[in-house]
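The values are calculated or read from the model by the stated rules, or taken from the named source; none is laboratory data. It should be emphasised that the depicted structure is a prediction, and the values quoted were computed from it without experimental measurement. Here the Cβ positions follow ideal geometry from the backbone for every residue, glycine too, while neighbour counts run over all protein chains shown.
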Amino acid sequence: MLTLTGGFDVGSPARLEAHQDALDARGAVWDLIDGAEVARRFPGVAPPADAKVLFQPDAGVLAADRALRAMVQVATARGVELRERTRVSAVRPAGAGVEVVTKKGTWDANVAVVTAGAWARPLLVGAGIDLPVTPSRETVAFFAVEAGTALPVFVEWIDGAGPLYALPSPGEGLKTGWHHSGAPANPDERGRVEARVVERMSAWVSERFPGAHPKPHHAETCLYTNTADESFILKRRGPVVVGSACSGHGFKFAPLIGERLAQLAKG
């Protein structure tokens, strides 16, 4: 479920120092090396030779689909009733509790925990909650690499723009993205891959991953739910608990966030 690959961050001294402080606060292991050392450890990666690079040996890639299935299995084994493909049209206060409205029926509860991602803001209007989030549609692209190529997680922080990132994706090669490069989006509308983003990632991959194919074999979109400062929103308003662990970096914290939302739901 979690594959440890090692992870590298390239960026300004101030950016790397902030990362180091955060890692030190958690007792995490890290090292500061140069780009030449990165290329020695991972011949398929080519950062600037004189760049300072933050290395985290225990960084890795989480298999999101497998993790989601595992969490569902644990929940249902403990008595959770799962209703898939049941679209919620409204969440609104009802007496001392709340009602959840769907086309398949309405459920009454003492508390509702809403983790609706890009749909959270319109859904919560009926509960009197104005959630300060903006959905955006982001483009990711996948590049072929030679079989057996060792790939780390790699993030290059660029002043004045979102970082470019790459990570190994089993069966796909190298997955890349340009963080926060997408435009505001309506989550109910069909998304389109942005050519400008694919072109930027192709140029970056050609420069940083010389062993990868210069053109992606596949590109797709995903939705972010963004707050102004990229912080998470975990709060309770009356009978409604809001969980918006968002801005494109929330999934890996899901178990911890779930614990916090449960605490809020219990009062």
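Listing for the model above:
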| quantity | calculated |
| --- | --- |
| Members of segment 134-145 that are touching a Gly at 6+ places or on another chain (Cβ under 6 Å) and either closer than 22 Å to Ser247 by Cβ or assigned to a loop (DSSP other than H, G, I, E, B) (or both) | Ser136, Arg137, Glu138, Val140, Ala144, Val145 |
| Trp107 being farther than 24 Å from Pro255 by Cβ, assigned by TED's automatic domain parsing to the domain that holds Gly243, surrounded by 13 or more Cβ atoms within 10 Å (Cβ to Cβ) and out of contact with any Phe, Trp or Tyr (no Cβ under 6 Å at 6 or more places or on another chain) | yes |
| Search result, residues across segment 253-267 that are under 12 Å from the mean Cα position of the chain (by Cα) and either crowded, with 16+ Cβ neighbours inside 10 Å or part of a strand (DSSP E or B) (or both) | Ala254 |
| Candidate set: segment 232-252, residues that are assigned to a strand (DSSP E or B) and touching a strand residue (DSSP E or B) at 6+ places or on another chain (Cβ under 7 Å); chosen: the one farthest from Ala147 (Cα to Cα) | Val240 |
| Within segment 157-231, strands (runs of 3 or more DSSP E) holding 1 or more residues that are touching a Leu at 6+ places or on another chain (Cβ under 6 Å) and surrounded by 15 or more Cβ atoms within 10 Å (Cβ to Cβ) | 164-169, 173-178 |
| Pairs where the first residue, in segment 181-194, is over 14 Å from Gly117 (Cβ atoms) and the second is aromatic (Phe, Trp, Tyr), C-beta under 7 Å, 6+ apart | Gly182/Tyr224 |
| Residues that are surrounded by 15 or more Cβ atoms within 10 Å (Cβ to Cβ) and outside any strand (DSSP E or B), drawn from segment 45-62 | Val45, Ala46, Pro47, Pro48, Ala51, Ala59 |
| Residue list for segment 82-133, filter: under 17 Å from Gly243 (Cβ atoms) and assigned to a strand (DSSP E or B) | Val88, Val91, Val98, Val100, Ala109, Ala112, Val113, Val114 |
| When residues of segment 4-44 are limited to those that are of a type in the set (S, T, N, Q) and at pLDDT 95 or above, the one surrounded by the most Cβ atoms within 10 Å (Cβ to Cβ) | Thr5 |
| So Ala147, is it at pLDDT below 95, out of contact with any strand residue (DSSP E or B) (no Cβ under 6 Å at 6 or more places or on another chain), within 26 Å of Leu4 (Cβ to Cβ) and of a type in the set (A, V, I, L, M, F, W, C) | yes |
